[in-house]
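Inspection log for the structure reproduced underneath, given as structure tokens.
The values are calculated or read from the model by the stated rules, or taken from the named source; none is laboratory data. Just so it is clear, the structure is predicted and the values come from calculations on it, not from any experiment. Every residue, glycine as well, gets a Cβ built from its backbone with ideal geometry; the counts of neighbours run over all protein chains shown. These area figures cover heavy atoms from the full protein model, side chains too; ligands, DNA and RNA do not enter into them. Shrake-Rupley method; radii C 1.70, N 1.55, O 1.52, S 1.80 Å.
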Amino acid sequence: MSVVWEHPATLLHWIDLEVMAEDKVDQDAVAERLEASVLESPKFKRDFQTSQSDQLSKTAEGETVSKKALLGDRTSLVLPKLWKLLPDNVCHTFPQLDIVPKPILKLMRNAESIIVRLKEVTSSEEKKLKHEAEQALTSIQGVLDQTWEQLNTGHWRDVPIVHRHVFSIASLIKILCLLYSQAGGEEMLLRLALKAADMGLLLGAPLPPPNECLDLTIAASLLSTTLAQLVEQSGSEQDPIILDEKQTSQFITGGLSGSPIKELVCPSIERFCTDHFQPKLPVKIKGCMTHWPAYKRWNDIGYLQRVAGARTVPIELGSHYAHSDYSQKLMTIADFIEQHVVGGKLGYLAQHQLFEQVPELRADICEPEYCCLTDDSIHIDEPANDGTDINAWFGPAGTVSPLHFDPKHNLLAQVVGTKRVLLFPPEVSSSLYPHSDRLLSNTARVDPEKPDYDQFPLFKNIAPPIEFSGGSDSGILFGGNKDKLLKLLVI
């Protein structure tokens, strides 16, 4: 598992997309990103599991509720905290309302007005609660479905931010609707609510003031913690997955080999800046992350399952991102581990901001002090970002990324497993035959492991690349170079 830090003037993106080798690509995978309303799915029409006691109990927020029938015990505890995340009259006050299609806005306001009334429903009004929650859930699912169409029209960066705001608001309202709906057992509802939160994090955007309290990261953490407690209490947790020696062994490639990269042990900021950052010379830095909690915790795949197994993430499928068979699929981290990391099918959680989505994992790593350096010569055609972005890579042996260059510098930390990186200097970019397509113009067509010299004759004459190989004991790789740096990543 790898972590990469990036900054608008400091660090680089990595683009690593992989394949599930044996399965055919599911053509309906994209449509499933927003599941149909839970109310229309028979498998979720199960009896709601509730306590049979009529005794009253106090929630964590001091509210009196009946244990008898309305909500599961843990759902009753988490709901008051979730309500604090939904601003008052949010559907009337967020910016750029005039851009939102009127049918979407009407459905969202209708769902909000219904869900607000549910706060006052008592245990004697169970039928009313269920009926109104069903109405609100149907409306808000319509908002999500129609907004998804808006988000997938044209290039992602050109989508008006208001549509992402709508998706965030609708996702939080859906969470509340689900938990009130009694459409399934408590564990099932919490899983569906957590998926709704993750979808909002993946496709939505935080609202600006005065509605910034709508924080789906907090909602997801609350739901994830509540679900983990419920699973532990019920004893329904799956047996831990143990990786065998084959699955944890280093992946060795054949073919092209490069000259070894220079290694340093915890260099000072001054030395790193002078000798490598400013001249943009790659280097491997050792001994600077052994104090991270992740250095020990992430070797236990059961830990990753417990902390983040129920979280929904995008998984890259296909030979690589420039190949015609490339696609994406949403799945939980637990399913990804079972099917790909352990199951052996190629698939990659690649270049994903996992630590923004799951802050519990962010606490396991430390930002390298080398990230304090900046480079004013780099200009990125992206919105300004004052902080350091962190992306995660997690996949089985055999995942490959084609040669490509990134617009930013990077620091790559190999925390678990092994990785091989080939680095070519920018002056040989033309001999690596980049794609003519604008979206792939940073990616080479030549495969350095199996080059076709008839099609790519110039590649035969270039010098061997610099090579970084190693596992979690190899430290952090700085991959900077002047303007472009092409590379091949193999785990």
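Summary of computed values
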read-out	value
Odd one out for H291 among (1) at pLDDT 90 or above; (2) within 26 Å of L201 (Cβ to Cβ)	(2)
Cross-chain or 6+ apart pairs with Cβ under 6 Å, the range 212-229 first and under 10 Å from R74 (Cβ atoms), then open to solvent by 50 Å² or more (accessible area, probe 1.4 Å) and not hydrophobic (A, V, I, L, M, F, W, C)	T226/R74
Helices (runs of 4 or more DSSP H) fully within the range 78-157 counting 3 or more residues that are among the hydroxyl-bearing types (S, T, Y) and at pLDDT 90 or above	126-151
Number of the condition not met by S181 [criteria: (1) open to solvent by less than 20 Å² (accessible area, probe 1.4 Å); (2) within 19 Å of the chain's Cα centre (by Cα)]	(2)
Residue check for L458: more than 28 Å from F277 (Cα to Cα), at pLDDT 75 or above, hydrophobic (A, V, I, L, M, F, W, C) and over 28 Å from the mean Cα position of the chain (by Cα)	yes
Residues located in the range 444-469, provided they are surrounded by 13 or more Cβ atoms within 10 Å (Cβ to Cβ) and not in a loop (DSSP other than H, G, I, E, B)	A444, L458, F459, I466, E467, F468, S469
From L190, L137, L151, L172, residue being open to solvent by less than 10 Å² (accessible area, probe 1.4 Å), within 17 Å of S76 (Cβ to Cβ) and in contact with a helix residue (DSSP H, G or I) (Cβ under 7 Å, 6 or more places away or on another chain)	L190
Within the range 254-310, helices (runs of 4 or more DSSP H) holding 2 or more residues that are open to solvent by 60 Å² or more (accessible area, probe 1.4 Å) and under 24 Å from V421 (Cα atoms)	none
Residue check, R438 at pLDDT 85 or above, surrounded by fewer than 20 Cβ atoms within 10 Å (Cβ to Cβ) and closer than 17 Å to Y321 by Cβ	no
Residues located in the range 316-336, provided they are open to solvent by less than 50 Å² (accessible area, probe 1.4 Å) and either without any contact (Cβ under 8 Å) to a residue 40 or more places away in the chain or not in a loop (DSSP other than H, G, I, E, B) (or both)	E316, L317, S327, L330, M331, T332, I333, A334, F336
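The rows are residues; the columns are (1) modelled with pLDDT under 80; (2) crowded, with 17+ Cβ neighbours inside 10 Å; (3) under 26 Å from D73 (Cβ atoms); (4) among the basic types (K, R).
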{"position": "A197", "(1), (2), (3), (4)": "no, yes, yes, no"}
{"position": "Q233", "(1), (2), (3), (4)": "no, no, yes, no"}
{"position": "E237", "(1), (2), (3), (4)": "yes, no, yes, no"}
{"position": "P240", "(1), (2), (3), (4)": "yes, no, no, no"}
{"position": "Q247", "(1), (2), (3), (4)": "yes, no, no, no"}
